[in-house]
Amino acid sequence: MLTFVPEEIEDYSIQHTSKLPDYLNDLMELTRTTRDDAMMLSGPIEGTLLQLLVICTNATRILEIGTFTGFSTQMMASALPENGRIITCDIDKETSEIANEYFLKSEHGEKVEQKLGPALETMSGLEGGFDIIFIDADKENYSAYYERSLELLSDRGLIVIDNVLWGGRVLNPQDEIDKAIASLNDHISKDSRVKHVMLPIRDGVMLVTRALN
């Protein structure tokens, strides 16, 4: 699990965060034991933060860029009302199938619509009015996801961007991914269209909403 806090603090925080249903604990265990990229899992602290953001914003329509094995999707879907919907996008067929297997185990699975294919193509065909947009996919396209998300966001909506600290490499960007994330962070910090805060939770989470006129 990617985190900047000591392991014992992370564990203490998890112990004092709302408990997960068994099937989501099973999903986390499956991901950790079968996937070399298991660090991409959002985990109980960030997942519960997403869940609480859905509750606090009264969101009914969510767009997720990057499904992975569906843990964050499940957390957000569980906080949606019965008529709420979440569209989740990914290009990985294998992880999307794992996600779907666990959507079927959830009472909230019917709120989820999976889209398999390049997220920017999916986003180009969507109509606006999303209350929350969660970006957690290929970092090279983060700036493009951000700009399209602003077009799709509802007036009082919230963009949530994961991995904005990128293991600390944004402090001294070296490769193209480092530079892409650092560039987006700098762009948002100068973007007069929005209000934002960067939270040093896990690998860094940025919250962005439209600036009030």
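Residues in the stretch 154-172 that are in a loop (DSSP other than H, G, I, E, B) and open to solvent by less than 30 Å² (accessible area, probe 1.4 Å): N163, V164. Kindly check whether there is at least one residue in the stretch 173-185 that is surrounded by fewer than 16 Cβ atoms within 10 Å (Cβ to Cβ), in contact with a Ser or Thr (Cβ under 6 Å, 6 or more places away or on another chain) and not aliphatic (A, V, I, L, M). No; the residues of the stretch 173-185 include none that is surrounded by fewer than 16 Cβ atoms within 10 Å (Cβ to Cβ), in contact with a Ser or Thr (Cβ under 6 Å, 6 or more places away or on another chain) and not aliphatic (A, V, I, L, M).
Residue selection: R202 fails the criterion of being at pLDDT 95 or above and open to solvent by 10 Å² or more (accessible area, probe 1.4 Å). Can you confirm whether the stretch 19-27 contains a residue that is closer than 23 Å to W166 by Cα and either surrounded by 14 or more Cβ atoms within 10 Å (Cβ to Cβ) or within 12 Å of the chain's Cα centre (by Cα) (or both)? So far as the stretch 19-27 goes, no, none of its residues is closer than 23 Å to W166 by Cα and either surrounded by 14 or more Cβ atoms within 10 Å (Cβ to Cβ) or within 12 Å of the chain's Cα centre (by Cα) (or both). Taken as a whole, the condition of being open to solvent by 10 Å² or more (accessible area, probe 1.4 Å) and either more than 18 Å from I98 (Cβ to Cβ) or hydrophobic (A, V, I, L, M, F, W, C) (or both) does not apply to A59. Annotation for the stretch 127-142: at least one member residue is acidic (D, E), in contact with an Asp or Glu (Cβ under 6 Å, 6 or more places away or on another chain), assigned to a loop (DSSP other than H, G, I, E, B) and within 28 Å of S189 (Cβ to Cβ).
Counting the residues of the stretch 176-213 that are more than 20 Å from F4 (Cβ to Cβ) and in a loop (DSSP other than H, G, I, E, B) gives 7. Under the condition of being outside any strand (DSSP E or B) and in contact with a Leu (Cβ under 8 Å, 6 or more places away or on another chain), the residues counted in the stretch 76-96 number 5. Of everything listed in (1) within 18 Å of L212 (Cα to Cα); (2) surrounded by 15 or more Cβ atoms within 10 Å (Cβ to Cβ), the single unmet condition for V197 is (2).
The set of residues from the stretch 192-213 being in contact with a strand residue (DSSP E or B) (Cβ under 7 Å, 6 or more places away or on another chain) and among the β-branched types (V, I, T) comprises V194, V197, V205, V208, T209.
In the stretch 113-152, of all residues being among the β-branched types (V, I, T) and within 16 Å of the chain's Cα centre (by Cα), the one that is nearest to T69 (Cα to Cα) corresponds to I135. Hey, any hits in the stretch 88-102 for a residue that's in contact with a helix residue (DSSP H, G or I) (Cβ under 8 Å, 6 or more places away or on another chain), at pLDDT 95 or above and of a type in the set (D, E)? Yes, the stretch 88-102 contains at least one residue that is in contact with a helix residue (DSSP H, G or I) (Cβ under 8 Å, 6 or more places away or on another chain), at pLDDT 95 or above and of a type in the set (D, E). Counting only residues that are of a type outside the set (G, A, S), open to solvent by 60 Å² or more (accessible area, probe 1.4 Å), closer than 24 Å to A144 by Cβ and in contact (Cβ under 8 Å) with a residue 12 or more places away in the chain, the stretch 82-126 holds 9 of them.
Contact annotation: residue pairs with Cβ atoms under 7 Å, 6 or more positions apart or on different chains, pairing a residue in the stretch 49-70 that is over 28 Å from E121 (Cβ atoms) with a partner that is at pLDDT 95 or above and polar (S, T, N, Q), are Q51/S78.
Remark: pairs (first residue in the stretch 138-150, aliphatic (A, V, I, L, M); second residue open to solvent by 50 Å² or more (accessible area, probe 1.4 Å) and part of a helix (DSSP H, G or I); Cβ separation under 8 Å; 6+ apart in sequence or on different chains) = A144/L120. Within the set P81, P44, the sole residue that is more than 17 Å from the chain's Cα centre (by Cα) and not hydrophobic (A, V, I, L, M, F, W, C) turns out to be P81.
The values are calculated or read from the model by the stated rules, or taken from the named source; none is laboratory data. Because the structure is a prediction, the values reported are computed rather than measured. No Cβ is skipped: glycine too gets one built from the backbone with ideal geometry, and neighbour counts run over all protein chains shown. When the accessible area is computed, the model is the full protein with side chains, heavy atoms only, and any ligands, DNA or RNA have been set aside. Shrake-Rupley method; radii C 1.70, N 1.55, O 1.52, S 1.80 Å.
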